[in-house]
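Peer 1: Before I ask anything, let me first share the structure, which is written out below as structure tokens.
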Amino acid sequence: MEEKQYLVDALSVNESWRMFRIMAEFVEAIEELSDIGRAVTIFGSARTTPANKYYQKTEHLARLLAQQGFSVITGGGPGVMEAANKGASEAGGTSVGMNIRLPFEQTPNEFANVKLYHKYFFIRKVMFVKFAVAYVIVPGGFGTLDELFEALTLIQTKRIKSFPVILMGSDYWKGLLDWLKDAMLGQGMISREDMDLFRVLDEPEEIVDYIKKFVIL
């Protein structure tokens with residue numbers, strides 16, 4: 001009985017110390033990012049190769065954003081994240097990589113000139129939103145969709161101030177958009193105004209122009 005109570009007490013202490021680790025990670029990230037200015041967060045697949053058109057478009061987009069004075073934030077890994085960090089850093093801009101410790105896929109890319117390392121997904125998500133004036137969602141998988149719908153939910157419920165959420169690539173997102181309209185909107189699961197929370201655009205130049213309509217540097 002005493003041994004069981006000892007284990008319970010030990011677990012309780014570990015949980016308490018975890019709170020301090022969480023607070024420390026928040027403080028470190030906020031201090032590191034406090035001077036990056038207006039930033040655009042770019043999400044997309046870690047599996048996208050340099051030969052892929054979305055890798056190339058993302059690199060070009062990030063370069064244009066940096067030239068316009070925006071910082072660029074990504075998850076810090078390969079694929080689309082690498083493309084965005086590369087475009088921003090080679091244009092002389094602030095290129096932020098917020099890495100997450102994962103058992104696969106998440107290898108930090110070499111192009112971020114500001115690097116953070118997160119243990120907790122939820123802290124990383126807070127930082128993505130806190131320091132972004134716009135989101136660009138490039139074709140990706142579950143993680144990309146997670147970040148997209150997280151932002152849309154926060155805007156829809158007015159937990160954060162509305163900002164531009166742009167889906168790059170009408171061909172890739174068409175199936176999802178059809179489902180949103182036919183299933184979710186068609187069956188009353190979302191409102192018609194909710195479809196206006198995001199915009200679908202194809203070219204880097206039009207994405208930058210759209211963001212600039214809402215953001216004053």
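Peer 1: What number of residues within the range 126-143 satisfy the criterion of being part of a helix (DSSP H, G or I) and in contact with a helix residue (DSSP H, G or I) (Cβ under 8 Å, 6 or more places away or on another chain)?
Peer 2: Matching residues across the range 126-143 total 5.
Peer 1: Only one residue in 155, 123 is at pLDDT 95 or above, among the β-branched types (Val, Ile, Thr) and not in a strand (DSSP E or B). Which one?
Peer 2: 155
Okay, residues lined up against (1) at pLDDT 95 or above; (2) among the acidic types (Asp, Glu); (3) under 23 Å from residue 119 (Cβ atoms); (4) not in a helix (DSSP H, G or I):
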site: 7; (1), (2), (3), (4): no, no, no, no
site: 22; (1), (2), (3), (4): no, no, yes, no
site: 41; (1), (2), (3), (4): yes, no, yes, yes
site: 54; (1), (2), (3), (4): yes, no, no, no
site: 58; (1), (2), (3), (4): yes, no, no, no
site: 77; (1), (2), (3), (4): no, no, yes, yes
site: 81; (1), (2), (3), (4): yes, no, yes, no
site: 92; (1), (2), (3), (4): yes, no, no, yes
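Peer 1: Looking at the range 105-112, is at least one residue modelled with pLDDT of 95 or more and under 24 Å from residue 215 (Cα atoms)?
Peer 2: Yes, the range 105-112 contains at least one residue that is modelled with pLDDT of 95 or more and under 24 Å from residue 215 (Cα atoms).
Peer 1: Now, a different point. Starting from the range 108-122, keep only residues that are over 16 Å from residue 29 (Cβ atoms), then list their pairs with residues that are acidic (Asp, Glu) whose Cβ atoms are within a distance under 7 Å, requiring at least 6 positions of separation or different chains.
Peer 2: As it stands, the answer is 109/82; 111/82, since those pairs meet every condition given.
Peer 1: Still on this structure, please answer the following. So, of the residues in the range 128-150 that are surrounded by 20 or more Cβ atoms within 10 Å (Cβ to Cβ) and more than 9 Å from the chain's Cα centre (by Cα), which turns out to be nearest to residue 194 (Cα to Cα)?
Peer 2: Within the range 128-150, the match that is nearest to residue 194 (Cα to Cα) is 134.
Peer 1: Let me ask another. In the list 84, 62, 88, which residue meets the criterion of being crowded, with 22+ Cβ neighbours inside 10 Å and in contact (Cβ under 8 Å) with a residue 40 or more places away in the chain?
Peer 2: 84
Peer 1: Being of a type outside the set (Asp, Glu), surrounded by 12 or more Cβ atoms within 10 Å (Cβ to Cβ), modelled with pLDDT under 95 and touching a Leu at 6+ places or on another chain (Cβ under 9 Å): is that true of residue 190 here?
Peer 2: no
Peer 1: Go through (1) assigned to a strand (DSSP E or B); (2) under 19 Å from residue 55 (Cα atoms); (3) under 16 Å from the mean Cα position of the chain (by Cα) for residue 200 and report which single condition fails.
Peer 2: (3)
Peer 1: Could you please let me know if residue 71 is modelled with pLDDT of 95 or more and either within 16 Å of the chain's Cα centre (by Cα) or not β-branched (Val, Ile, Thr) (or both)?
Peer 2: Answer is yes for this residue.
Peer 1: Within the set of pairs 6 or more residues apart or between chains, which connect a residue that is among the acidic types (Asp, Glu) inside the range 186-204 to a residue that is loosely packed, with under 14 Cβ neighbours inside 10 Å with Cβ atoms less than 6 Å apart?
Peer 2: 202/170
Peer 1: Only one residue in 76, 175, 97 is on the phi > 0 side of the Ramachandran plot and without any contact (Cβ under 8 Å) to a residue 60 or more places away in the chain. Which one?
Peer 2: Among 76, 175, 97, only 76 is on the phi > 0 side of the Ramachandran plot and without any contact (Cβ under 8 Å) to a residue 60 or more places away in the chain.
Peer 1: Take residue 171 and decide whether it is under 18 Å from residue 54 (Cα atoms) and among the acidic types (Asp, Glu).
Peer 2: yes
Peer 1: Confirm whether residue 157 is surrounded by fewer than 11 Cβ atoms within 10 Å (Cβ to Cβ) and among the hydroxyl-bearing types (Ser, Thr, Tyr).
Peer 2: yes
The values are calculated or read from the model by the stated rules, or taken from the named source; none is laboratory data. If you're wondering where the values come from, they're calculated on a predicted model, not measured in any experiment. We place every Cβ from the backbone using ideal geometry, glycine too, and count neighbours over all the protein chains shown.
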